[in-house]
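Inspection log for the structure reproduced underneath, given as structure tokens.
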Amino acid sequence: MRNPFWYVLALTLVLVLAAGCTAAAPEAGADVGAEQATDTTADTAATGEPITVRVSTVSEPSTLDPNLAEDSFSITPIEQLFLGLTNLNNETGAVEPELAESWTISEDGLTWTFNLRQDAVWSDGNPVTANDFVYSAKRAVMPETASPYAYVLYSVKNAAAINQTAIPTDTYDIESLGVRAVDDYTVEFTLEAPASYFESISSLWTLRPVPSWTIEEHGAAWTEPENIVVTGPYMITEWRPAELLVFEKNPSYYNAGQVQIDRVELHVITDQNTELALYESGDLDVIGDSATSLPIQVLTLVRENPTLSAELHEGPRASTTYVGFTMTKPPFDNALVRKAFSAAIDRETIVRDVVGSGIPATQFAPKGVFGAPDPEVGIATDIEQAQAWLAEAGYPGGEGFPTVTYRYFSNTLEEALAQALQAMWAENLNVTVELESMEFPAFLASTAGTVPVEEMPEMWRLGWSADYPDENNWVYEVFHCTDSQNRSRAECTEADELAKAAGSEQDSQKRIEMYAQVEQMMFGDEVRAAPYYHRGFTTLTKPFIQRAYSTFAPVNWDTWTVVEQ
Amino acid sequence: MLRLIIRRFLWFIPVFFVVTGITFLTMHALPGGPFDTDKTPPAMVQRMEQAFGLNRPVYEQYFIWLKNAAQLDFGPSLKQRGRPVAGFLLPGLAVSAQLGLFAMGFALLIGLPAGIIAALHRGRWQDRGATFVAILGVSVPPIVMGPLLMWLFALQLGWLPVAQWAGLDEGIIPYLSHIILPAVTLGAGLSAIIARLTRASLLQVLGEDYIRTAHAKGLARRTVTIRHALRNALIPVVTYLGPLAAAVLTGSLVVEQIFAIPGMGRYFVSSITSRDYPMVMAVVVIYAFIIVFVNLVVDVLYLFIDPRMDHGL
Amino acid sequence: MVSSSAQAAGSRAAAPSRRSRTLWQDTLRRLLRDPVVVICVLYLALLIVVAIFPSFFATASYDQTSFPNNFAAPGTVVSEGKLAGHTYWMGADKLGRDIYSRLVYGTRVSISVAFLGAAVSFLIGVSYGLFAGYSRPRIDNIMMRIVDIIYAYPTLILIILLQVFLTALAQKEPEQMGTIERMLVDLDRNSGGLFFVFLAIGAVSWLNMARLTRGQVMHYKQQEFVQAAQVVGASDRRIMGRHLLPNVIGPCIVAETLAIPSYIYTEAFLSFIGLGVQPPMPSWGSMIADGYGALRTAPWLILFPALALSLTMLAFNFLGDAVRDALDPKLRDR
């Protein structure tokens, strides 16, 4: 103890030794890595080794409980674990039977009866019965559960009333909910009003049956790998927080014979540059398959590389980004100003040079969402027209136009978009727009519908991703003047009445016509917001995997097949 | 020494109260809550907050938290519904600690000798050269160095794995090969600081009278340096170990993200941004504990390096 | 003075006598003798000039975009649009803006942050550490525990709070603000948003300096020269300032110069979450953060700001070394 320098020296020596060992390690480490890389591609069912696919996600799921999930990072794993009445086909986006073999709608459109298949079982052997559906619907709607997505069930009778009960002061009667089990294999839903989009809703994760006995036994821990009981093609066998989730084929799934991928590893990789690097080194088989598209620099790298660009798959997604206007705040209380700002956005450039993926948008819902007009309506990019509108509004050449603010939340892509928009408005309209970025929750709170107009920025950034692929989820639930948050503070017009009516209209063709009108009114005439691009998916898949790329439906791993090398 | 250790741990208590109290208050003063999304209707958000007791007065919530914390129950995460906070933080802490130790080890291994050499050859090419490399190390941040090293050693040369974590249970070789790049990325800047501090401090000490005396006594230069000078020169370095440890824990945020390492770093910022109140509080408690602990270690090391120092006992 | 007559007297004096100088005059003189120091000072002076007159040095505006040319390599010439005919000396960034010009305009922010941040942190930290180290153990303990508390507190929360408060304030009409509120907003506006950046940086950065200084003081206060001064009856202030300070300051200067990149990155992070300079106003830190991800496809986005930062760091560090050497009492006779 007398001369501590010897301790320092000893420590240094130990570290040197450790470094020496480490220096020898790389070759061995590289071998191990290489082994793992070739492992999965060569194996087939014939050799008896499990076929494993390694997928990446940018964020780990926040929950595996269907009644509680709200973000797509949770929804994707949930849809592998739990089956629903129906399912959205990955390739076509159409509603397909799953646990329900068939369903009928009553004449008045208020009663939906689903006939369940009789061979579905839970992974612990219990049969899947109508009671499981009733239990799940009730649980989702009960205020004690605090489900963030209960609102998608508000079309069911009394769901809204029950869910909005102010416990513990008030009480509710859960039996009044419009769902009942007619018999073991028939479920009946009673709606508040006719809603043809209920077919889409029946595929949503919130409604999917959950095992009541497991929940009662384990409480909040029922989704832990050791406790969970599922109906779907996969089981979750391991969850290493912030690192990895492992899913294995569920042998009790009624179609288990057709599921080719035995094991899926869901790796949590937050950094998308690292995601690409891991794909290149062979450590991952599928990347970019989550809700965040690959950033433009990554896409540039991929497109310039012949191997990688062949493995890149792109397409549309049911998600739109738009500029919101505070319609009660001058100068944006003038529709001409809003039109000018919308037309001055160079959408092509944004998609090509700033984002790197997606398609330009002039209307709110993208093509493919039921009711979305095709070709798109709304205000197209037209610089001269924009300048003409601004002049008509009283600001020729941008003269006299006050400095306004565009508020957005802190995020690399959003910052680039904000600066691009600012530059476009400055160059095309000769106006000054100041940028204001805020952290996300602060941003949401500062642009809410209840915020006084003086504190609102004139323009702000928002986006929307579909809960279900129907215009009702878009123009009605986001922009309706009284029934939605109405952040734009729009006044009620014919468009709102039409949007509401189209929700309960039973004739599909008529619905399509109505929604086309609503889109044109809301975004072409009133310009409540300026949509400018629909996001796209950018996925890279190793060639040994054969799969569909879904636009609107969450991915289903059980439909993937493996090609012989 | 025992008295010192006990005293330090006792000091943790007021630190704990002050830090957690202020953090709790300011967190609840921030706008927005854990359940806000652009989709959830405001009425629904309110009901959810009510279900979790977030509409009670702040001081009441704090006391409830204190009561639970005393029993080491830090509550369930609000974002990861139903899962206890400790279940995330403790494994994350273990990983970050390992990464941090390797980074610090690397920093000391490179930094100390470099600083010593630079001081002993002051003004000559060894000094200027070492300083130059050190500056590069400090001004090239992990956000640049990480991807650079990854590209060079993993993608181009293929010597090391690209990213991710391999625990000790997977074997010593995968463990080490996965930890090298992140540890070097994290430790590079720190080694530069240690090199520079050692140099400055050693130069200081070498000018002291007792060093001259030692030389005059006829001792070899090397003996003088190692036995007499270095010991005292290490004081600033030891002092720096405190902030070094803290910097490693917070700096690990970037490195862990780049190399996809499941450490604790991510929770520092993400818990605040997602308003996950129980998570923030737990992170703060852990962090405060580490600070106090590291400072204790520093003071104990002082005892060994310079027995004459007044330790404030 | 004595010297001239001594020289005139020639061989009478055994050793050449000198004019007596203050410590600081001596330091300055020694500093200016070293050519490396002179180069560093000139470089830093150049940076200050660039910061004050950026339009003189830049070849384009820092916010002029040119989307077809995004990520263009250095040397590319723009063919059409507002920037037609312009050559990108250092390439273009992700929106087609000239990196060289942005670097020039970014100097103002980064240099202010570097200089002021270092100065403030150094002054506060060293004074605090000096005082704490020299005080009675009880006071020292309390002062250091305060440091622990501030250190452990997640300042990010405070920063976000500040940002939200400021944004809400800025939206109000001037008549509705109280005097203090108006003063804060004015300060922030006049400094181009940097006031709160300094506040945020300053709040935490002095802690390391304080700790470092205190550790040094704890060691040196046992030394004979301090005891001698105490015996002679020197005041505490004199001991701290005249005797301890020059001895402990060496590693402190070095540590402070090394902390400068962290100030620059803190500023970049703050501007990202909405405090400090707002885009498109550039700063070296935010340019480096922006360029991340383009490392493999367009490395010039990161290369040039990182180079600028490294050169500046070299200048600060060599200068810091020289100041340390010059202040070192032991080296005085050389």
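The values are calculated or read from the model by the stated rules, or taken from the named source; none is laboratory data. The structure presented is a predicted model; accordingly, all values stated were derived computationally and were not measured. Cβ placement follows ideal geometry from the backbone for every residue including glycine, while neighbour counts extend to all protein chains displayed.
Below is a table of values for the structure above.
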| item | result |
| --- | --- |
| Filter result for A:Phe409 (surrounded by fewer than 22 Cβ atoms within 10 Å (Cβ to Cβ) and either farther than 18 Å from A:Phe325 by Cα or not small (Gly, Ala, Ser) (or both)) | no |
| Any chance B:Ala246 is modelled with pLDDT under 80, surrounded by fewer than 24 Cβ atoms within 10 Å (Cβ to Cβ), within 28 Å of B:Ala70 (Cα to Cα) and within 11 Å of chain C (Cβ to nearest Cβ) | yes |
| Options A:Ala502, A:Ala530, A:Ala495; residue that is aliphatic (A, V, I, L, M) and touching a Ser or Thr at 6+ places or on another chain (Cβ under 8 Å) | A:Ala530 |
| Looking only at segment C:126-153, and only at residues there that are modelled with pLDDT of 85 or more and among the hydroxyl-bearing types (Ser, Thr, Tyr), the one that is farthest from B:Ala288 (Cα to Cα) | C:Ser127 |
| From B:Phe132, B:Phe153, residue being part of a helix (DSSP H, G or I) and either away from chain A (no Cβ under 14 Å) or in contact (Cβ under 8 Å) with a residue 60 or more places away in the chain (or both) | B:Phe132 |
| Qualifying residue in segment C:46-62 (condition: of a type in the set (S, T, N, Q), surrounded by 15 or more Cβ atoms within 10 Å (Cβ to Cβ) and under 27 Å from the mean Cα position of the chain (by Cα)) | yes |
| Among (1) more than 30 Å from A:Phe440 (Cα to Cα); (2) in contact (Cβ under 8 Å) with a residue 12 or more places away in the chain - the single one B:Trp125 does not satisfy | (2) |
| Among (1) modelled with pLDDT of 90 or more; (2) in a helix (DSSP H, G or I), the one test that A:Pro441 misses | (1) |
| Residue satisfying all of: in segment B:161-212; at pLDDT below 90 and not in a helix (DSSP H, G or I); nearest to the other protein chains (Cβ to nearest Cβ) among these | B:Gly207 |
| Single residue of B:Phe74, B:Phe63 found to be aromatic (Phe, Trp, Tyr) and assigned to a helix (DSSP H, G or I) | B:Phe63 |
| Long-range neighbours under 6 Å by Cβ, at least six apart or interchain, first residue among the charged types (D, E, K, R) within segment C:249-272, second in a helix (DSSP H, G or I) | C:Glu256/C:Ala118; C:Glu256/C:Phe122; C:Glu267/C:Val113; C:Glu267/C:Val197; C:Glu267/C:Gly285 |
| Those residues of segment A:292-309 which are more than 18 Å from A:Leu417 (Cα to Cα) and without any contact (Cβ under 8 Å) to a residue 60 or more places away in the chain, in sequence order | A:Leu301, A:Arg303, A:Glu304, A:Asn305, A:Pro306, A:Thr307, A:Ser309 |
| Yes/no for B:Thr23 being crowded, with 18+ Cβ neighbours inside 10 Å and within 9 Å of chain A (Cβ to nearest Cβ) | no |
| Selection within segment A:359-376 - β-branched (Val, Ile, Thr) and in contact with a Lys or Arg (Cβ under 8 Å, 6 or more places away or on another chain) | A:Thr362 |
| Test: residue in segment A:159-175 that is more than 30 Å from B:Pro42 (Cα to Cα) and either at pLDDT 90 or above or surrounded by fewer than 20 Cβ atoms within 10 Å (Cβ to Cβ) (or both) | no |
| Selection within segment B:45-88 - within 14 Å of chain A (Cβ to nearest Cβ) and in contact with a helix residue (DSSP H, G or I) (Cβ under 6 Å, 6 or more places away or on another chain) | B:Arg47, B:Asn55, B:Gly75, B:Ser77, B:Gly82, B:Val85 |
| Restricting segment B:254-302 to residues that are farther than 17 Å from B:Gly100 by Cβ and of a type in the set (Phe, Trp, Tyr), the residue that is modelled with the highest pLDDT | B:Tyr277 |
| Conditions (1) more than 30 Å from C:Trp89 (Cα to Cα); (2) buried (at least 23 other Cβ atoms within 10 Å of the Cβ); (3) more than 10 Å from chain B (Cβ to nearest Cβ); (4) not small (Gly, Ala, Ser): number failed by C:Pro282 | (1) |
| Helices (runs of 4 or more DSSP H) fully within segment A:136-243 counting 2 or more residues that are small (Gly, Ala, Ser) | A:159-163 |
| Entirely in segment A:249-367, the helices (runs of 4 or more DSSP H) that have 2 or more residues that are crowded, with 18+ Cβ neighbours inside 10 Å | A:272-280, A:296-304, A:335-343 |
| Residue count, segment A:444-457 (criterion: assigned to a loop (DSSP other than H, G, I, E, B) and either within 7 Å of another protein chain (Cβ to nearest Cβ) or surrounded by fewer than 22 Cβ atoms within 10 Å (Cβ to Cβ) (or both)) | 5 |
| Hits in segment C:91-103 - residues which are in contact with a strand residue (DSSP E or B) (Cβ under 9 Å, 6 or more places away or on another chain) and either surrounded by fewer than 21 Cβ atoms within 10 Å (Cβ to Cβ) or assigned to a helix (DSSP H, G or I) (or both) | C:Ile99 |
| Counted residues, segment B:1-35 - those being among the aliphatic types (A, V, I, L, M), farther than 15 Å from B:Ile286 by Cα and either touching an Asp or Glu at 6+ places or on another chain (Cβ under 8 Å) or part of a helix (DSSP H, G or I) (or both) | 9 |
| Selection count, segment B:279-302, where residues are of a type in the set (Ser, Thr, Tyr) and under 15 Å from B:Pro14 (Cα atoms) | 1 |
| Residue match in segment A:226-239 (condition: under 24 Å from the mean Cα position of the chain (by Cα) and without any contact (Cβ under 8 Å) to a residue 12 or more places away in the chain) | no |
| Residue match in segment B:272-291 (condition: free of Cβ contacts under 8 Å to residues at least 24 places away in the same chain and within 25 Å of A:Pro441 (Cα to Cα)) | yes |
| Filter result for the condition that a residue is without any contact (Cβ under 8 Å) to a residue 60 or more places away in the chain, over 27 Å from B:Gly265 (Cβ atoms) and buried (at least 18 other Cβ atoms within 10 Å of the Cβ), over B:Ala119, B:Ala166, B:Ala214 | B:Ala214 |
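Conditions tested, residue by residue: (1) in a helix (DSSP H, G or I); (2) touching a strand residue (DSSP E or B) at 6+ places or on another chain (Cβ under 9 Å); (3) surrounded by fewer than 21 Cβ atoms within 10 Å (Cβ to Cβ).
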| position | (1), (2), (3) |
| --- | --- |
| C:Leu258 | yes, no, no |
| C:Gly274 | no, yes, no |
| C:Met287 | yes, no, no |
| C:Thr297 | no, no, yes |
